[in-house]
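The values are calculated or read from the model by the stated rules, or taken from the named source; none is laboratory data. Given the structure is predicted, the values throughout are model-derived calculations rather than measurements. Cβ coordinates were reconstructed from backbone atoms using ideal geometry, including for glycine residues, and neighbour counts include every protein chain displayed.
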Amino acid sequence: MSELSVDHLLGIKYITKEDINLIFETADHFKEIINRPIKKVPSLRDVTIANLFFENSTRTKLSFELAEKRLSADVINFSAGASSVKKGETLIDTVNNILSMKVDMVVMRHPNPGAGVFLSKNIKASIVNAGDGAHEHPTQALLDSYSIQKRLGDVGGKKVVIVGDILHSRVALSNIFALKLQGAEVKVCGPKTLMPKYIESLGVEVELNLRKALEWCDVANMLRVQNERMDISYFPSTREYIQQYGLDKELLDSLNKEIVIMHPGPINRGVEITSDVADSGQSIILNQVENGVAIRMAVIYLLASKIKKQ
């Protein structure tokens, strides 16, 4: 199979295992290019991509921008905080204005779940969801799985625990879909107040004890505590969260095996994980960042090659 089964990347739940394999193979190719002295390829010289970020994001935005530029695409950046969205312009108005500039692809982050799906039904461009509310963040899940594959050889059969604020996390949901699709076993771990009611219906076990979760897993993905999404307090204090769910070197070294540590970033050092864990040999956090560019190049390239056929 040499093309994706979808015209947009709206969420992991819309794609197949074959799509994931194709994205990973394509990312391998681009990873090689990123490590060359000349890091650009002319693949998308005639493609225009608009980055629409209705929510702040430094890392994801930079990663997408870098991926687009490495592929020689023309890039339009649109940061909604500073624009007329503040004046009450609707999502569809904003997008139509941008499309009148003849844009082929839109990379969008939006606070409302389903914003990407809504767009894909109303405009002609190809949509990449860069995060919609607490719903999905597909490229993050892809780069996480890809990073596991690169470190452990395969995702299938691996035991992965996702630790922290599962309730507010689009990273957790997309990761669960992607890992399950590839045949990994998944558990989630964190305070009961941060577990969604429906979580077990996704075929995922809940483990409230961090040590037990770490003793079980091959990989621990430590999520950021998202204070900005919590309108009420879900646990008594940060100190208490750290005591129960923070990972430090002492706990890591006390396990009877080596596990792989991941984090979608940005890290609250000393909260989810301590600096000596983040910077240890078991951490693949920096690999995730590098792999993120290759994965996003692959997604954009594969979607763009479908646009060119139309």
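For the list (1) charged (D, E, K, R); (2) in a loop (DSSP other than H, G, I, E, B); (3) more than 19 Å from ALA134 (Cα to Cα), I need the number of the one condition that ASP165 fails.
Condition (3) is where ASP165 drops out.
Among (1) at pLDDT below 95; (2) buried (at least 16 other Cβ atoms within 10 Å of the Cβ); (3) within 17 Å of the chain's Cα centre (by Cα), where does PHE235 come up short?
Of the numbered conditions (1) at pLDDT below 95; (2) buried (at least 16 other Cβ atoms within 10 Å of the Cβ); (3) within 17 Å of the chain's Cα centre (by Cα), the odd one out for PHE235 is (3).
Out of the residues in region 39-48 that are within 21 Å of GLU290 (Cα to Cα) and in contact with a helix residue (DSSP H, G or I) (Cβ under 7 Å, 6 or more places away or on another chain), which is surrounded by the most Cβ atoms within 10 Å (Cβ to Cβ)?
Result: LEU44.
Go through region 206-215 and report how many residues are surrounded by fewer than 17 Cβ atoms within 10 Å (Cβ to Cβ) and either touching a residue at least 24 places away in the same chain (Cβ under 8 Å) or out of contact with any helix residue (DSSP H, G or I) (no Cβ under 9 Å at 6 or more places or on another chain) (or both).
Residues meeting the conditions: 3.
Pull up region 247-271, narrow it to residues that are at pLDDT 95 or above and within 22 Å of the chain's Cα centre (by Cα), then point me to the one that is surrounded by the most Cβ atoms within 10 Å (Cβ to Cβ).
Of everything passing the filter in region 247-271, MET262 is surrounded by the most Cβ atoms within 10 Å (Cβ to Cβ).
Give just the number: which of (1) in contact with a Leu (Cβ under 8 Å, 6 or more places away or on another chain); (2) farther than 22 Å from VAL271 by Cβ does ALA134 not satisfy?
The failed condition is (2).
Which members of region 1-20 meet the condition of being polar (S, T, N, Q) and loosely packed, with under 13 Cβ neighbours inside 10 Å?
SER2, SER5, listed by residue number.
Please give the helices (runs of 4 or more DSSP H) falling wholly within region 1-108 in which 1 or more residues are basic (Lys, Arg) and on the phi < 0 side of the Ramachandran plot.
The qualifying helices (runs of 4 or more DSSP H) are 17-34, 59-70.
Residues being over 13 Å from ILE20 (Cα atoms) and either in contact with an Asp or Glu (Cβ under 9 Å, 6 or more places away or on another chain) or surrounded by fewer than 24 Cβ atoms within 10 Å (Cβ to Cβ) (or both): count how many of those fall in region 148-165.
At the first step, the residues of region 148-165 found to be over 13 Å from ILE20 (Cα atoms) are 148, 150-153, 157-165.
Now drop any that are not either in contact with an Asp or Glu (Cβ under 9 Å, 6 or more places away or on another chain) or surrounded by fewer than 24 Cβ atoms within 10 Å (Cβ to Cβ) (or both), which leaves 148, 150-153, 157-161, 163-164.
Number of matching residues: 12.
Based on this model, can you work out whether ASP132 counts as among the acidic types (Asp, Glu) and assigned by TED's automatic domain parsing to the domain that holds LEU52?
Considered against the rule, which asks whether it is among the acidic types (Asp, Glu) and assigned by TED's automatic domain parsing to the domain that holds LEU52, ASP132 comes out as yes.
Among the numbered conditions (1) in contact with a helix residue (DSSP H, G or I) (Cβ under 7 Å, 6 or more places away or on another chain); (2) buried (at least 24 other Cβ atoms within 10 Å of the Cβ); (3) within 27 Å of ASP74 (Cα to Cα), tell me where VAL171 comes up short.
Status for VAL171: all satisfied but (3).
Go through region 59-79 and give me each residue that's out of contact with any strand residue (DSSP E or B) (no Cβ under 6 Å at 6 or more places or on another chain) and touching a residue at least 40 places away in the same chain (Cβ under 8 Å).
ARG59, SER63, LEU66, ALA67, ARG70, LEU71
Does PRO113 qualify as being under 24 Å from VAL75 (Cβ atoms), in contact with a strand residue (DSSP E or B) (Cβ under 8 Å, 6 or more places away or on another chain) and not β-branched (Val, Ile, Thr)?
no
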